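K.L.:
Pasting in a structure now, in structure tokens, and then I'll have a few things to ask.
The values are calculated or read from the model by the stated rules, or taken from the named source; none is laboratory data. Predicted model, so just to flag it, every value in this text is computed and none were measured. Here the Cβ positions follow ideal geometry from the backbone for every residue, glycine too, while neighbour counts run over all protein chains shown. Accessible surface is based on the protein model in full, side chains and every heavy atom, while ligands, DNA and RNA are left aside. Shrake-Rupley method; radii C 1.70, N 1.55, O 1.52, S 1.80 Å.
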Amino acid sequence: MATPELPVSGYALEVDGRLKAEFATRDGARAGGAELKKRFPTLQIKIYDAQTNARDEI
């Protein structure tokens, strides 16, 4: 199975070390991550910022 590549722009949700969804805005990514965290509190969820190559944990 191929590993999804990191996006070159925008934001992505990283769930337990795997990229799951891409978003155009940080707010969209944060909202998506918060919803997942509410439903599955034990998941490790991070927002990946393609511009800075940084990850922020939710």
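K.L.:
Compare the Cα positions of Leu19, Tyr48, Gly33 along the charge dipole of the chain (+1 at Cβ of Lys, Arg; -1 at Cβ of Asp, Glu; about the Cα centre) and return the one farthest towards the positive end.
P.N.:
Gly33
K.L.:
May I ask you to rank Thr25, Thr42 by accessible area, largest first, using a 1.4 Å probe over the protein chains only?
P.N.:
Numbers: Thr25 75, Thr42 135 Å².
Highest to lowest solvent-accessible surface, that is Thr42, Thr25.
K.L.:
Of all accessible surface on the chain at a 1.4 Å probe, what whole percent is carbon and sulfur?
P.N.:
On the way: 2060 of 4100 Å².
Result for the chain: 50 percent of the exposed heavy-atom area is carbon or sulfur.
K.L.:
Let me ask you something else. Would you work out the charge dipole size for the chain about its Cα centre, treating the Cβ of every Lys and Arg as +1 and the Cβ of every Asp and Glu as -1, and quote it to the nearest 20 debye?
P.N.:
220
K.L.:
With axes computed from alpha carbons, what is the tilt in degrees of helix 26-39 against the longest principal axis of the chain, rounded to the nearest 10 within 0 to 90?
P.N.:
Helix 26-39 sits at roughly 30 degrees to that axis.
K.L.:
Now a separate question. Calculate, for Gln44 and Glu5, the FRET efficiency according to 1/(1 + (r/R0)^6) with r their C-beta to C-beta distance and R0 25 Å; round to the nearest 0.05.
P.N.:
Efficiency at R0 = 25 Å is approximately 0.75.
K.L.:
Sticking with this one: Provide the net charge surrounding Glu5, with neighbours chosen by a C-beta distance below 14 Å and charges set as Lys +1, Arg +1, Asp -1, Glu -1.
P.N.:
Details: positive: Arg18, Lys20; negative: Glu14, Glu22.
In short, 0.
K.L.:
Which value in Å is the Kirkwood Rh of the chain over different Cα pairs? Let's see the in-between values first.
P.N.:
Values: mean 1/r = 0.0891 Å⁻¹.
11.2 Å is the Kirkwood radius here.
K.L.:
So what is the accessible area of the chain per residue, in Å², with the probe set to 1.4 Å?
P.N.:
Result: 71 Å² of accessible area for each residue.
K.L.:
Okay, moving on. For labels at Arg30 and Ala54 in the simple 7 Å Cα→Cβ model, what's the distance in nm?
P.N.:
Result for the modelled spin labels: 1.3 nm.
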